[in-house]
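One structure below.
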Amino acid sequence: MIPVALAPHRLRLGLAGTGPAALRRLRALRAAGAEELHVYAGGEDATLAAEAGAALQPTLPGEAELSRLHMLWIAGMPREQFVPLAEAARRLRVLVNVEDEPDYCDFHAVAEIRRGDLLLTVSTGGAAPGLAGAIRRRLEACFPAIWAERVKEAAALRQSWRAQKVPMAEAAQRLEALADERCWLSCPKAN
């Protein structure tokens, strides 16, 4: 695995599917900041259609549409639909993730925790997503919602220090000392 954090505003993303799995993925992509997101689903999923809004395309993408995507998530589709779609996307050099089908994944979705600009992720490379979820839940207890404000505070301090021409290594040490002084990195004991 190669861990990366992608800038979603620079990417043309697609989601194909229906049902709860596709709805979860739509919400996760939107939470991640996906701006140019195209949702390919039939009209039978009213909840997904309502949440997709103007991003909804009523049919699966053809090759012309696929060729314009950078990444495609497929969720909640039967095998006879997702296999040809995934294969066509791959031929066109589009990265593909088919939920719960590791053999059809060029990349794996991670279990994630978002606290403002703080993003913590856990991955087992698709081998044990339930374990990744359990670890994510433990990390949620260690990094509660207050972390969004802590990151903002640290970012403001960093900007101030940059203006003062404080060397990067010293700024990092100052932030680590701040986290230690305030016990930001203490984690509740596991049950």
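Key figures
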{"item": "Output for segment 159-174, where each listed residue is open to solvent by less than 80 Å² (accessible area, probe 1.4 Å) and either part of a loop (DSSP other than H, G, I, E, B) or closer than 11 Å to ARG115 by Cβ (or both)", "result": "VAL166, PRO167"}
{"item": "Test result for THR47, outside any loop (DSSP other than H, G, I, E, B), surrounded by fewer than 20 Cβ atoms within 10 Å (Cβ to Cβ) and out of contact with any Asp or Glu (no Cβ under 8 Å at 6 or more places or on another chain)", "result": "yes"}
{"item": "Residues of segment 1-23 classified as in contact with an Asp or Glu (Cβ under 6 Å, 6 or more places away or on another chain), open to solvent by 30 Å² or more (accessible area, probe 1.4 Å) and closer than 23 Å to ALA88 by Cα, total", "result": "2"}
{"item": "Filtered residue count, segment 54-88, keeping only those that are of a type in the set (Gly, Ala, Ser), within 24 Å of HIS9 (Cα to Cα) and within 20 Å of the chain's Cα centre (by Cα)", "result": "3"}
{"item": "Residue within segment 68-87 that is assigned to a helix (DSSP H, G or I), over 14 Å from GLY17 (Cα atoms) and either at pLDDT 95 or above or of a type in the set (A, V, I, L, M, F, W, C) (or both) present", "result": "yes"}
{"item": "Only listed residue being part of a loop (DSSP other than H, G, I, E, B) and exposed (fewer than 13 other Cβ atoms within 10 Å of the Cβ), chosen from ALA177, ALA127, ALA156", "result": "ALA127"}
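The values are calculated or read from the model by the stated rules, or taken from the named source; none is laboratory data. Here the structure is a predicted model, which is why all the values come from computation and not from measurement. Neighbour counts run over all protein chains shown; Cβ positions are idealised from the backbone, glycine included. Side chains included, ligands, DNA and RNA excluded: accessible areas come from the protein's heavy atoms. Shrake-Rupley method; radii C 1.70, N 1.55, O 1.52, S 1.80 Å.
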